[in-house]
Structures are given as C-alpha cells and as structure tokens.
1. Grab the Cα-Cα distance for ASP171 and ARG115, subtract it from 0.36 nm times how many residues apart they are, and report the gain in nm with one decimal.
2. Considering the Cα trace of region 98-220, what is its radius of gyration and what is Dmax, both in angstroms?
3. Starting from 0.36 nm per residue, how many nanometres of slack lie between LEU50 and GLU150 once their C-alpha separation is accounted for?
4. How many percent of DSSP beta bridges within region 204-350 run antiparallel, rounded to 5?
5. What is the Cα convex hull volume of region 7-180 when expressed per residue in Å³?
6. Can you work out the FRET efficiency for the pair GLU23 and VAL242, with r the C-beta to C-beta distance and R0 = 35 Å, to the nearest 0.05?
7. Between region 237-263 and region 281-347, what's the alpha-carbon centroid distance in Å?
8. At 7 Å along Cα-to-Cβ for each site, give me the label-to-label distance between LEU102 and ASP328 in nm.
Amino acid sequence: MNLQGKRILLGVTGSIAAYKAMELLRLLTKRGAEVQVVMTEAATKFVTPLTFETLTRQPVLLDMWSLAYSHRIGHIEASQRADLCVVAPATARTIARLALGLADDFLSCIYLASRCPVVVAPAMDCDMYEHPALQENLKRLRDRGVRIVEPDLGPLASGLVGRGRLAELADIVAAIEGVLLPVQDLEGRIILVTAGPTREPLDPVRYLSNRSSGKMGYAVAEAAAARGARVILVSGPTALPVPPGVDVIHVETAQEMYEAVLAKLAMTHVVIKAAAVADYRPKQKAERKLKKEQTVREIALEPTPDILAELGRQKGHRILVGFAAETDDVVANARKKLQRKNLDLMVANDVSQPGAGFDTDTNLVKILDPQGNIEEVPLLPKRQVADRILDRVAALLKK
Ligand code: CTP
C-alpha cells in the first residue's frame, strides 16, 4: 500500500495497448492510489470509458466541453488535485501534443495546467518509435523533466518485431513509485541550506537588498527533506511557506546569517549556500528614520563577512556547495569561486537567460566540481534542479 492517498491521473490514448491501462489502473489502486482516468477520443475506439468508470467508480474525463465533471473548470481542477500524471499507453500523436504544448484535448490541457510530475509510457509501431520526429519530441519532454518509460522490444500488433511495445506494467509502476516515493539516500544526514536575500538596513525604514526570491534554496530544502535528510534552513526574508519537515531559522542581515550558520555548523554534514548574501552593508545604520533634508547623498559601505569562504576555511569532511549567479563569463567566474571558497560543488547560473535565476520557477544551471567536470542541467523546475544537485551530494557522501 505504498501509494496510499496518492492521487494519480491516468491518461489513456488511442493505442492497441489501451486495454493494458485497465491492469495498470488495478495495480495502482491495489497499492492504495486514488486514480482518475482521462481518455483521448481515439482511446475510446479501443476501450470504453464505461470499463474505467466501473473500475474507478467515477466519470472518465473525456469531453472538454462538458461541465458534468465539476462546477469548476475540469482540466484545471483535475491537474491541481493530482500528485502525478501518467500517460500509458502514449501514442505518437499524444507525445507530439505534449511536446508542443497543444491544448486541443482534455489530456493535453491537463498536462499544460499541471505542476505535478509526469510519467509517459510510449507504445507504437517500431518505425514510428524510431522516427527522428518522435525521438525529438521525447527528448523535449525528457529535458522538461518528464519521466519516459522506454517501450520494450518484441512482436508488435503490425506483425513487425522491434521496439515499441508498451513497457511491462511492473516497470511503469516502478517508475511512478520512483517519482512519488523518492529514495531515502540522505537519511541520517544533517543538511544546512541558506536561501533568499539578505537585507542591510540604512535606517529603520530603508535597506539594501537584491532580487533573490528564495525559491531555489527552498526547493533544495524541500527536496533534501523528502530524501530523508534533517534540514536546517537559514532563510533571509522571503514570501515562501516553509517546506514540511524543515527547521527554519529566519534572519535578515548577512551578519545574522553568518552567526546562524556558524552556530549550527558543527552538527552538519552538508552546507548548501543558495542565499544571495549582500557583499556590502551601509557602514552606519541610523537609529531613527532619515529625513529628506538630512539624507546623505552617498552611502559609505563596508564588506559583510563572506560566509561561504569562512566555511571553506573550516571545511573538514563537510560537503560544501555554493551558488554563483552571473551575467558574464559564467563558467570562469564560477570556477574561480569554487577554488577560492574551497567548495565540493558550485552551481552556476546565467541570470540573464530566460527562465533562469531570480524569482523564476525554473532554472538553467551548470554544476562544476574541483576536478574540472561541468554537468549541464537542462532548463527544469527548481524542485527538479534541486534533486539534480542532491544526486551529486548523495554521490559525494557515499565516497
Ligand atoms: N556568499 C556568502 N557570503 C557572502 C557572499 C556570498 O556565503 N558574503 C556565498 C553565496 O551564498 C554563494 C556564493 O558565496 O553560494 C557565491 O556568491 P556570489 O555573490 O556569487 O560570490 P561573491 O564571492 O560575492 O562574488 P561576486 O559578488 O563578486 O560575484
């Protein structure tokens, strides 16, 4: 019953393998999942909605133009309720729809509206499967973080023998479990994550800060907790909810962040510094609000402590991960910081790229290590970028 309480949307499309979706539905419900079926019109030529309706005891989502499903907008509600969406079997046409973001049926609208993980299990004739158009569409989906369960080799409905048979249902279930029930590879580890901007006050009303939203650091904290780590999040001011199971320490200035991090340092195995710490602060903070006539035209600044550089000096066996948000010479600058701050990994991003950097839900990063390797991570939601970073951390912890 390891999928107990999980809400899964099962998309069924017009392939001869559509009948296998019934058995998949049974395997998922047997594990405790609550499954809602969505069919394309082509799928109804192979199996009837009634079969799925009888098995799930709820209406199949099929007709975009019906309000029968809900008093609200059906595809939006369905996608928001789901923990995962699986399309099995997925035809070449549906894969193209998803890759292009066409919103011309219930299933593709749900895909566009959803923020949950997506698993796609293709099934088609081998020549169609091998066609570059199909492979490019699959690559697009993969790069977007969709988990593709490769079809199997074997005899096909056409009489040909090749790759295109829907994967074994056990493999599709395993892929779903892998996405929904992350490995506990950080169990027993204490990970400190910093996130958000710092604020350096000028007076009780004004401050110097930066455009960090904290989304990347919060995503790392959430992902690390989901993988079994005990997470301490030292957060600058953000508007984000604290992820479940994470201990948070709220700070405002770089100095406060420095003190909070150093106070917890001895107990940590890993420190991931996603915060955008101010490098300078006003030399003086006025006790009372500065009035217009007395406001200085120039602000004298002094450096803040470089927290990560200090951690690098006290490194020991601890794993240190830094972030470098750059607009020019991204790799060269990130590499210099990796060496200067004595880090194990540096996550570099070009904040001038669309979809990357501050206040976006996605990020486009490169992960650098001291051996000179560069892992190019495609544009992904920050939560998935977080998992890519933690995959590297978990591998280092195993050494
Ligand atoms: N960092 C820190 N303390 C500071 C400044 C930065 O701990 N006072 C950390 C950040 O959290 C990040 C890494 O150092 O993980 C790199 O931050 P960045 O601002 O890019 O580097 P700087 O060394 O400040 O270089 P510059 O601002 O000149 O690019």
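Rule-based calculations on the coordinates, nothing more; no lab input. None of the values given here were measured: they were computed from a predicted structure. Here the Cβ is made from the backbone with ideal geometry for all residues, glycine too, and neighbour counts use every protein chain on show.
1. Between ASP171 and ARG115, full extension yields 17.8 nm more.
2. My reading of the Cα-based Rg and Dmax gives 22.0, 78 Å.
3. Gain in length upon complete extension: 33.1 nm.
4. 15
5. 101
6. 0.30
7. One Cα centre to the other: 16 Å.
8. 4.5
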